[in-house]
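Reading through the C-alpha coordinates given below for one structure.
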Amino acid sequence: MKTDVAYYRDGYQREIQTKVIECIKSKKGYDVVLEDTCFYPEGGGQPADKGKLNGQEVLDVQQREGIIYHTVKNEILAGTVIKGEIDWEYRFDLMQNHTAEHIFSGLVYKIYGFHNIGFHIGKEFITIDFDGKLSEHNILKLEIFTNKAIMKNKEVKIYYPTKEELEKIDYRSKKELEGIVRIVEVPEYDICACCGIHVKSTGEIGCVKILSYEPYKGGTRIRMVAGERALFDYYNKSVEAQNISHMLSVPVKDISKAVAKLKKERDTLQYQLNLLEKQKLEKIVETVEQGSKKVVLFEKVSNSKTLQHFANLLCQKADVAAVFSGDDKIGYTYVLISQKEDMKELRQKLSAALQCNGGGTKEMIQGKIQSSKKEIEAFFKNYE
Ligand SMILES: [Zn+2]
(Lines give C-alpha, C1' and ligand atoms only; values in the text may rest on other atoms or scores of the structure.)
Protein backbone atom coordinates (compact mmCIF):
# COMPACT_ATOMS: atom_id res chain seq x y z
CA MET A 1 0.00 0.00 0.00
CA LYS A 2 1.41 3.38 -1.00
CA THR A 3 2.09 5.92 1.75
CA ASP A 4 -0.30 8.89 1.92
CA VAL A 5 1.69 12.05 1.56
CA ALA A 6 0.68 14.95 3.73
CA TYR A 7 3.52 17.06 2.27
CA TYR A 8 1.64 17.28 -1.04
CA ARG A 9 -1.66 18.11 0.65
CA ASP A 10 0.05 20.83 2.67
CA GLY A 11 3.74 21.65 2.27
CA TYR A 12 3.62 23.60 5.55
CA GLN A 13 2.52 20.69 7.78
CA ARG A 14 5.22 20.20 10.40
CA GLU A 15 3.70 17.45 12.57
CA ILE A 16 1.70 14.31 12.05
CA GLN A 17 0.07 11.64 14.13
CA THR A 18 -0.12 8.38 12.24
CA LYS A 19 0.22 4.61 12.48
CA VAL A 20 3.30 2.46 11.78
CA ILE A 21 2.42 -0.01 9.01
CA GLU A 22 5.73 -1.83 8.87
CA CYS A 23 9.17 -1.65 10.50
CA ILE A 24 11.93 -3.37 8.52
CA LYS A 25 15.48 -4.05 9.79
CA SER A 26 17.94 -2.24 7.53
CA LYS A 27 21.66 -1.36 7.34
CA LYS A 28 21.46 1.85 9.40
CA GLY A 29 18.74 0.63 11.82
CA TYR A 30 15.08 0.30 10.89
CA ASP A 31 13.07 1.53 7.92
CA VAL A 32 9.66 2.62 9.18
CA VAL A 33 6.66 2.72 6.83
CA LEU A 34 3.84 4.98 7.98
CA GLU A 35 0.21 5.27 6.95
CA ASP A 36 0.71 8.98 6.20
CA THR A 37 3.75 11.26 6.36
CA CYS A 38 4.85 14.87 6.26
CA PHE A 39 8.51 13.79 5.71
CA TYR A 40 9.64 14.55 2.16
CA PRO A 41 11.89 11.79 0.73
CA GLU A 42 15.06 12.67 -1.19
CA GLY A 43 14.21 13.41 -4.82
CA GLY A 44 14.09 15.99 -7.61
CA GLY A 45 17.27 17.68 -6.38
CA GLN A 46 15.79 18.24 -2.90
CA PRO A 47 17.37 16.43 0.07
CA ALA A 48 15.31 14.29 2.44
CA ASP A 49 13.65 15.95 5.42
CA LYS A 50 15.17 15.74 8.88
CA GLY A 51 13.18 15.41 12.06
CA LYS A 52 11.91 12.96 14.68
CA LEU A 53 9.58 9.99 14.94
CA ASN A 54 8.41 9.56 18.56
CA GLY A 55 11.51 11.50 19.66
CA GLN A 56 13.90 9.35 17.57
CA GLU A 57 16.01 11.13 15.01
CA VAL A 58 15.09 10.36 11.39
CA LEU A 59 18.37 9.50 9.66
CA ASP A 60 17.06 9.30 6.08
CA VAL A 61 13.82 9.31 4.08
CA GLN A 62 13.63 7.44 0.78
CA GLN A 63 10.83 6.53 -1.59
CA ARG A 64 10.55 3.26 -3.47
CA GLU A 65 7.49 2.51 -5.61
CA GLY A 66 5.25 4.93 -3.77
CA ILE A 67 6.21 3.67 -0.32
CA ILE A 68 8.15 6.05 1.92
CA TYR A 69 10.78 4.62 4.26
CA HIS A 70 11.89 6.60 7.32
CA THR A 71 15.19 5.34 8.70
CA VAL A 72 15.57 5.39 12.50
CA LYS A 73 18.03 3.65 14.84
CA ASN A 74 15.60 1.73 17.03
CA GLU A 75 12.61 -0.41 16.11
CA ILE A 76 9.10 1.05 16.34
CA LEU A 77 6.58 -1.79 16.34
CA ALA A 78 3.95 -2.00 13.61
CA GLY A 79 0.61 -0.74 14.85
CA THR A 80 2.16 1.94 17.09
CA VAL A 81 0.60 5.37 16.74
CA ILE A 82 3.49 7.79 16.47
CA LYS A 83 4.10 11.52 16.41
CA GLY A 84 6.28 12.69 13.55
CA GLU A 85 7.87 16.16 13.54
CA ILE A 86 9.94 17.56 10.72
CA ASP A 87 12.85 19.96 11.29
CA TRP A 88 10.93 22.97 10.01
CA GLU A 89 13.83 25.42 9.84
CA TYR A 90 15.76 22.98 7.66
CA ARG A 91 12.75 22.21 5.44
CA PHE A 92 11.70 25.84 4.98
CA ASP A 93 15.23 26.73 3.88
CA LEU A 94 15.03 23.95 1.27
CA MET A 95 11.63 25.23 0.09
CA GLN A 96 13.00 28.77 -0.28
CA ASN A 97 16.12 27.66 -2.15
CA HIS A 98 14.21 25.21 -4.33
CA THR A 99 11.60 27.81 -5.37
CA ALA A 100 14.33 30.38 -6.04
CA GLU A 101 15.97 27.85 -8.35
CA HIS A 102 12.69 27.53 -10.31
CA ILE A 103 12.48 31.29 -10.90
CA PHE A 104 16.15 31.56 -11.90
CA SER A 105 16.00 28.51 -14.21
CA GLY A 106 12.68 29.72 -15.67
CA LEU A 107 14.26 33.09 -16.49
CA VAL A 108 17.34 31.44 -18.05
CA TYR A 109 14.99 29.38 -20.25
CA LYS A 110 12.75 32.34 -21.16
CA ILE A 111 15.55 34.83 -21.92
CA TYR A 112 18.36 32.63 -23.28
CA GLY A 113 16.63 29.31 -24.11
CA PHE A 114 19.08 27.26 -22.02
CA HIS A 115 17.95 24.24 -20.04
CA ASN A 116 18.63 23.36 -16.43
CA ILE A 117 20.43 20.02 -16.72
CA GLY A 118 21.52 19.52 -13.12
CA PHE A 119 20.41 20.77 -9.73
CA HIS A 120 21.63 20.10 -6.23
CA ILE A 121 20.81 21.72 -2.87
CA GLY A 122 23.99 21.47 -0.81
CA LYS A 123 24.66 22.40 2.81
CA GLU A 124 26.10 25.80 1.91
CA PHE A 125 24.75 26.66 -1.52
CA ILE A 126 22.70 25.32 -4.38
CA THR A 127 24.31 24.33 -7.66
CA ILE A 128 22.52 24.66 -11.00
CA ASP A 129 23.98 23.54 -14.34
CA PHE A 130 22.79 25.01 -17.64
CA ASP A 131 23.46 23.76 -21.16
CA GLY A 132 24.51 27.18 -22.49
CA LYS A 133 27.12 29.82 -21.81
CA LEU A 134 26.06 32.69 -19.55
CA SER A 135 28.22 35.80 -19.22
CA GLU A 136 28.82 37.83 -16.07
CA HIS A 137 26.43 40.46 -17.44
CA ASN A 138 23.74 37.81 -18.15
CA ILE A 139 24.05 36.48 -14.62
CA LEU A 140 23.80 39.90 -13.01
CA LYS A 141 20.65 40.58 -15.03
CA LEU A 142 19.19 37.19 -14.04
CA GLU A 143 19.93 37.84 -10.36
CA ILE A 144 18.16 41.21 -10.49
CA PHE A 145 15.15 39.76 -12.32
CA THR A 146 14.91 36.85 -9.84
CA ASN A 147 14.90 39.28 -6.91
CA LYS A 148 12.24 41.37 -8.65
CA ALA A 149 10.10 38.23 -9.08
CA ILE A 150 10.47 37.61 -5.34
CA MET A 151 9.38 41.16 -4.52
CA LYS A 152 6.27 40.76 -6.69
CA ASN A 153 5.18 38.06 -4.22
CA LYS A 154 3.71 35.82 -6.92
CA GLU A 155 1.56 32.89 -5.83
CA VAL A 156 3.25 29.56 -6.62
CA LYS A 157 0.65 27.35 -8.30
CA ILE A 158 0.65 23.57 -8.26
CA TYR A 159 -1.63 21.51 -10.49
CA TYR A 160 -2.00 18.17 -12.21
CA PRO A 161 -3.17 18.74 -15.81
CA THR A 162 -4.79 16.10 -17.98
CA LYS A 163 -2.76 14.66 -20.86
CA GLU A 164 -4.56 16.98 -23.31
CA GLU A 165 -4.04 20.04 -21.13
CA LEU A 166 -0.40 19.15 -20.62
CA GLU A 167 0.23 19.02 -24.38
CA LYS A 168 -0.64 22.71 -24.61
CA ILE A 169 1.70 23.79 -21.78
CA ASP A 170 5.31 24.81 -22.50
CA TYR A 171 6.85 23.44 -19.33
CA ARG A 172 10.41 22.62 -18.34
CA SER A 173 11.30 19.02 -17.54
CA LYS A 174 14.59 17.15 -17.30
CA LYS A 175 13.08 13.93 -18.66
CA GLU A 176 10.12 12.54 -20.61
CA LEU A 177 7.30 12.07 -18.12
CA GLU A 178 4.55 9.49 -18.07
CA GLY A 179 1.33 9.33 -16.06
CA ILE A 180 0.21 12.18 -13.83
CA VAL A 181 2.55 15.16 -14.07
CA ARG A 182 2.85 17.63 -11.19
CA ILE A 183 3.27 21.13 -12.54
CA VAL A 184 4.73 23.96 -10.47
CA GLU A 185 4.08 27.39 -11.91
CA VAL A 186 5.46 30.76 -10.89
CA PRO A 187 3.22 32.97 -13.07
CA GLU A 188 5.15 35.11 -15.60
CA TYR A 189 8.41 33.33 -14.75
CA ASP A 190 8.34 29.55 -14.88
CA ILE A 191 6.34 26.41 -15.54
CA CYS A 192 8.11 23.25 -14.53
CA ALA A 193 7.33 19.59 -13.82
CA CYS A 194 8.59 18.98 -10.30
CA CYS A 195 7.99 16.69 -7.33
CA GLY A 196 9.65 18.93 -4.71
CA ILE A 197 8.18 21.17 -2.04
CA HIS A 198 7.93 24.90 -2.68
CA VAL A 199 6.88 28.03 -0.84
CA LYS A 200 3.32 29.30 -1.40
CA SER A 201 4.35 32.73 -2.63
CA THR A 202 7.64 34.05 -3.95
CA GLY A 203 7.94 36.75 -1.25
CA GLU A 204 8.75 34.02 1.26
CA ILE A 205 12.06 33.38 -0.52
CA GLY A 206 13.35 36.70 0.82
CA CYS A 207 16.18 37.23 -1.64
CA VAL A 208 18.72 35.42 -3.82
CA LYS A 209 22.43 35.96 -4.41
CA ILE A 210 24.62 34.38 -7.04
CA LEU A 211 27.89 33.40 -5.37
CA SER A 212 29.86 32.31 -8.42
CA TYR A 213 29.67 30.92 -11.93
CA GLU A 214 32.04 28.90 -14.08
CA PRO A 215 32.11 27.12 -17.43
CA TYR A 216 30.87 23.56 -17.02
CA LYS A 217 30.61 20.83 -19.71
CA GLY A 218 30.17 23.43 -22.47
CA GLY A 219 27.56 25.31 -20.43
CA THR A 220 27.53 27.17 -17.11
CA ARG A 221 27.53 26.10 -13.46
CA ILE A 222 25.94 28.56 -11.04
CA ARG A 223 26.29 28.63 -7.27
CA MET A 224 23.42 30.43 -5.59
CA VAL A 225 21.90 31.05 -2.15
CA ALA A 226 18.39 32.14 -1.17
CA GLY A 227 16.49 33.01 2.01
CA GLU A 228 18.53 33.20 5.21
CA ARG A 229 21.54 31.77 3.41
CA ALA A 230 21.55 34.89 1.20
CA LEU A 231 21.04 37.17 4.22
CA PHE A 232 23.99 35.59 6.04
CA ASP A 233 26.10 35.81 2.91
CA TYR A 234 25.31 39.54 2.80
CA TYR A 235 25.99 39.89 6.53
CA ASN A 236 29.36 38.08 6.34
CA LYS A 237 30.51 40.04 3.30
CA SER A 238 29.44 43.32 4.95
CA VAL A 239 31.52 42.50 8.04
CA GLU A 240 34.52 41.69 5.84
CA ALA A 241 34.07 44.91 3.86
CA GLN A 242 33.73 46.95 7.11
CA ASN A 243 36.90 45.38 8.51
CA ILE A 244 38.87 46.25 5.37
CA SER A 245 37.35 49.74 5.37
CA HIS A 246 38.53 50.33 8.98
CA MET A 247 42.00 48.94 8.26
CA LEU A 248 42.45 51.19 5.24
CA SER A 249 40.54 54.18 6.68
CA VAL A 250 38.39 54.60 3.58
CA PRO A 251 34.62 54.29 3.09
CA VAL A 252 33.36 50.80 2.09
CA LYS A 253 32.53 52.05 -1.42
CA ASP A 254 36.23 52.84 -2.02
CA ILE A 255 37.87 49.70 -0.60
CA SER A 256 38.78 48.02 -3.89
CA LYS A 257 40.40 51.25 -5.14
CA ALA A 258 42.34 51.53 -1.85
CA VAL A 259 43.50 47.91 -2.08
CA ALA A 260 44.64 48.45 -5.69
CA LYS A 261 46.65 51.49 -4.55
CA LEU A 262 48.16 49.53 -1.68
CA LYS A 263 49.09 46.70 -4.02
CA LYS A 264 50.82 49.13 -6.38
CA GLU A 265 52.78 50.63 -3.47
CA ARG A 266 53.71 47.13 -2.27
CA ASP A 267 54.98 46.21 -5.78
CA THR A 268 57.12 49.38 -5.93
CA LEU A 269 58.59 48.68 -2.49
CA GLN A 270 59.24 45.05 -3.42
CA TYR A 271 61.06 46.19 -6.57
CA GLN A 272 63.23 48.61 -4.56
CA LEU A 273 63.91 45.95 -1.92
CA ASN A 274 65.00 43.45 -4.58
CA LEU A 275 67.33 46.03 -6.09
CA LEU A 276 68.94 46.87 -2.72
CA GLU A 277 69.18 43.21 -1.83
CA LYS A 278 70.95 42.42 -5.10
CA GLN A 279 73.42 45.26 -4.56
CA LYS A 280 74.15 44.04 -1.04
CA LEU A 281 74.69 40.46 -2.24
CA GLU A 282 76.97 41.62 -5.06
CA LYS A 283 79.10 43.44 -2.48
CA ILE A 284 79.39 40.19 -0.48
CA VAL A 285 80.34 38.27 -3.62
CA GLU A 286 83.14 40.83 -4.28
CA THR A 287 84.79 39.78 -0.98
CA VAL A 288 85.00 36.13 -2.09
CA GLU A 289 88.34 35.08 -3.50
CA GLN A 290 88.27 33.96 -7.15
CA GLY A 291 88.97 30.21 -7.44
CA SER A 292 87.81 29.30 -3.91
CA LYS A 293 87.08 25.63 -3.45
CA LYS A 294 83.89 26.10 -1.46
CA VAL A 295 82.01 29.03 -0.04
CA VAL A 296 79.34 28.66 2.66
CA LEU A 297 77.37 31.80 3.52
CA PHE A 298 74.37 32.65 5.72
CA GLU A 299 72.40 35.66 4.57
CA LYS A 300 68.75 36.53 5.22
CA VAL A 301 67.07 37.30 1.90
CA SER A 302 63.43 38.02 1.06
CA ASN A 303 62.75 35.07 -1.24
CA SER A 304 64.16 31.85 -2.68
CA LYS A 305 64.65 33.39 -6.14
CA THR A 306 67.08 35.95 -4.68
CA LEU A 307 68.86 33.20 -2.75
CA GLN A 308 69.31 31.28 -6.00
CA HIS A 309 70.67 34.43 -7.70
CA PHE A 310 73.13 34.84 -4.80
CA ALA A 311 74.34 31.22 -5.16
CA ASN A 312 74.74 31.66 -8.92
CA LEU A 313 76.97 34.71 -8.46
CA LEU A 314 79.11 32.90 -5.88
CA CYS A 315 79.44 29.87 -8.11
CA GLN A 316 81.29 32.03 -10.66
CA LYS A 317 84.07 32.41 -8.07
CA ALA A 318 83.97 29.11 -6.20
CA ASP A 319 83.74 25.41 -7.11
CA VAL A 320 80.87 24.89 -4.66
CA ALA A 321 78.52 27.58 -3.35
CA ALA A 322 76.20 26.83 -0.42
CA VAL A 323 73.90 29.63 0.78
CA PHE A 324 71.41 29.64 3.64
CA SER A 325 68.61 32.08 4.51
CA GLY A 326 66.71 31.90 7.81
CA ASP A 327 67.55 31.29 11.45
CA ASP A 328 67.90 28.44 13.95
CA LYS A 329 64.30 28.81 15.09
CA ILE A 330 62.43 28.67 11.78
CA GLY A 331 65.11 26.71 9.90
CA TYR A 332 66.95 27.61 6.70
CA THR A 333 66.10 27.70 3.03
CA TYR A 334 69.19 26.61 1.13
CA VAL A 335 70.69 26.46 -2.37
CA LEU A 336 73.71 24.35 -3.36
CA ILE A 337 75.32 25.12 -6.74
CA SER A 338 78.38 23.77 -8.51
CA GLN A 339 79.62 23.48 -12.08
CA LYS A 340 82.27 20.94 -11.08
CA GLU A 341 80.87 18.69 -8.37
CA ASP A 342 77.74 16.56 -8.12
CA MET A 343 75.28 18.41 -5.89
CA LYS A 344 73.02 15.37 -5.66
CA GLU A 345 75.85 13.56 -3.89
CA LEU A 346 76.37 16.51 -1.56
CA ARG A 347 72.62 16.59 -0.84
CA GLN A 348 72.75 12.89 0.15
CA LYS A 349 75.64 13.52 2.53
CA LEU A 350 73.84 16.55 3.94
CA SER A 351 70.69 14.46 4.50
CA ALA A 352 72.66 11.74 6.25
CA ALA A 353 74.24 14.23 8.65
CA LEU A 354 71.49 16.84 9.17
CA GLN A 355 67.72 17.26 9.10
CA CYS A 356 66.94 18.45 5.61
CA ASN A 357 64.86 17.98 2.48
CA GLY A 358 65.26 19.25 -1.05
CA GLY A 359 65.68 18.33 -4.67
CA GLY A 360 67.07 19.47 -7.99
CA THR A 361 69.74 18.55 -10.49
CA LYS A 362 73.41 17.57 -10.42
CA GLU A 363 74.24 21.28 -10.75
CA MET A 364 71.75 22.75 -8.29
CA ILE A 365 69.80 21.64 -5.23
CA GLN A 366 67.23 23.70 -3.31
CA GLY A 367 65.47 22.83 -0.07
CA LYS A 368 64.79 23.38 3.62
CA ILE A 369 67.05 22.47 6.52
CA GLN A 370 66.05 22.33 10.19
CA SER A 371 69.52 22.02 11.77
CA SER A 372 71.28 24.94 13.49
CA LYS A 373 73.82 27.27 11.88
CA LYS A 374 76.51 25.71 14.07
CA GLU A 375 75.69 22.19 12.86
CA ILE A 376 75.57 23.29 9.21
CA GLU A 377 78.95 25.05 9.51
CA ALA A 378 80.46 21.97 11.21
CA PHE A 379 79.24 19.78 8.34
CA PHE A 380 80.83 21.98 5.68
CA LYS A 381 84.04 22.31 7.66
CA ASN A 382 84.46 18.54 7.35
CA TYR A 383 83.25 18.40 3.78
CA GLU A 384 85.98 18.32 1.19
ZN1 LIG B 1 10.65 22.17 -7.73
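The values are calculated or read from the model by the stated rules, or taken from the named source; none is laboratory data. Everything quoted here is computed from the prediction, not taken from an experiment. Note that we place each Cβ from the backbone using ideal geometry, even for glycine, and neighbour counts take in every protein chain shown. Just the protein is used for accessible areas: all its heavy atoms, side chains included, with ligands, DNA and RNA removed. Shrake-Rupley method; radii C 1.70, N 1.55, O 1.52, S 1.80 Å.
In nm, to one decimal, how far is the modelled label at residue 81 from the one at residue 137, with both set 7 Å along Cα→Cβ?
6.5 nm
Return the inverse of the average 1/r over all pairs of distinct C-alpha atoms in the chain, which is the Kirkwood hydrodynamic radius, in Å to one decimal. Don't jump to the answer; show the numbers that get you there.
Working: mean 1/r = 0.0371 Å⁻¹.
Taking every pair of different Cα atoms in the chain, averaging 1/r and inverting gives 26.9 Å.
State the percentage of accessible surface on the chain attributable to carbon and sulfur atoms; use a 1.4 Å probe and exclude ligands, DNA and RNA.
Values: 11400 of 22040 Å².
Carbon and sulfur together cover 52 percent of it.
What helices does the chain hold that run 27 Å or longer along their axis, going by alpha-carbon atoms, with a Kyte-Doolittle average of -1.0 or more, using DSSP H for the helix calls?
Numbers: long enough: 88-112 (35 Å, -0.36); 228-248 (30 Å, -0.58); 255-286 (46 Å, -0.70).
For the chain, where a helix must reach 27 Å along its axis and average at least -1.0, the hits are 88-112, 228-248, 255-286.
For the stretch 34-60, list residues with backbone N below 11 Å from a point placed 7 Å from the Cα of residue 12 toward its Cβ?
It comes to no residues whatsoever.
So how exposed is residue 333, as accessible area in Å² (1.4 Å probe, rounded to 10)?
Accessible surface of residue 333 is approximately 40 Å².
Along the charge dipole of the stretch 4-86, which of 69, 8, 37 sits closest to the positive end, that is, farthest toward it, with unit charges on the beta carbon of Lys, Arg, Asp and Glu (+1, +1, -1, -1)?
So the residue we want is 69.
Looking at this model, which pairs from 174/237; 110/217; 52/175; 133/261; 209/253; 278/300 are more than 24 angstrom apart at the alpha-carbon? Working shown, then result.
Details: 174/237 35 Å; 110/217 21 Å; 52/175 33 Å; 133/261 34 Å; 209/253 19 Å; 278/300 12 Å.
Cα-Cα > 24 Å for 174/237; 52/175; 133/261; rest within.
Restricting to the stretch 1-125, compute how many DSSP beta bridges are antiparallel as a %, nearest 5. Can you show the working numbers first?
Numbers: 25 of 27 bridges.
Expressed as a percentage, antiparallel bridges in the stretch 1-125 total about 95.
What fraction of the DSSP beta bridges in the stretch 289-382 is antiparallel, stated in percent and rounded to the nearest 5?
Values: 19 of 25 bridges.
Of the beta bridges lying entirely in the stretch 289-382, close to 75 percent run antiparallel.
Relative contact order of the stretch 316-384, please, whole-number percent, based on alpha carbon pairs below 8 angstrom and at least 6 residues apart.
31 percent
Please work out the average accessible area per residue across the chain, using the 1.4 Å probe convention, and give it in Å². Before the final figure, lay out each step's value.
On the way: 22040 Å² over 384 residues.
With the other protein chains kept in place, the chain gives 57 Å² per residue.
Which percent, nearest 5, of DSSP beta bridges in the stretch 162-318 are antiparallel?
On the way: 12 of 14 bridges.
Roughly 85 percent of the DSSP beta bridges within the stretch 162-318 come out antiparallel.
Over its Cα atoms, what ratio of radius of gyration to 2.2 N^0.38 Å does the stretch 271-311 give?
Taking N as the residue count of the stretch 271-311, the ratio is 1.20.
If you wrap a convex hull around the Cα atoms of the stretch 4-86, how much volume per residue is inside, in Å³? Don't skip to the answer; put the middle values down first.
Working: hull volume 6.9 nm³, N = 83.
For the stretch 4-86, the hull spanned by Cα atoms encloses 83 Å³ per residue.
Once phi is turned into ³J(HN,Hα) by the Karplus curve 6.51 cos²θ - 1.76 cosθ + 1.60 with θ = phi - 60°, what whole-Hz value does each residue of the stretch 292-297 show in order, with x for glycine and proline?
4, 6, 9, 9, 10, 10
Two-decimal Rg/Rh of the stretch 102-219 from alpha-carbon positions, Kirkwood Rh?
Working: Rg = 14.4 Å, Rh = 15.1 Å.
Over the Cα atoms of the stretch 102-219, Rg/Rh equals 0.95.
What's the extension gain from residue 284 to residue 302 if we count 0.36 nm per residue and subtract their Cα-Cα distance? Numbers along the way, then the final one.
On the way: separation 18, 0.36 × 18 = 6.48 nm, distance 1.62 nm.
The span from residue 284 to residue 302 would gain 4.9 nm if fully extended.
Across the Cα atoms of the stretch 122-178, what radius of gyration and what greatest pairwise Cα-Cα distance (Dmax) are found, in Å?
15.7, 41
Could you please state, rounded to a whole Å, how far the C-alpha centre of the stretch 107-156 is from the C-alpha centre of the stretch 182-254?
Cα centroid of the stretch 107-156 versus Cα centroid of the stretch 182-254: 10 Å apart.
Report the residues of the stretch 304-329 in range of a label on residue 293: point 7 Å along Cα→C-beta, backbone N strictly under 17 Å from it.
Output list for this probe position: 317-322.
Label-point separation (nm) for residue 175 and residue 263, each offset 7 Å from Cα along Cα-to-Cβ?
Distance between the two pseudo-spin positions: 4.6 nm.
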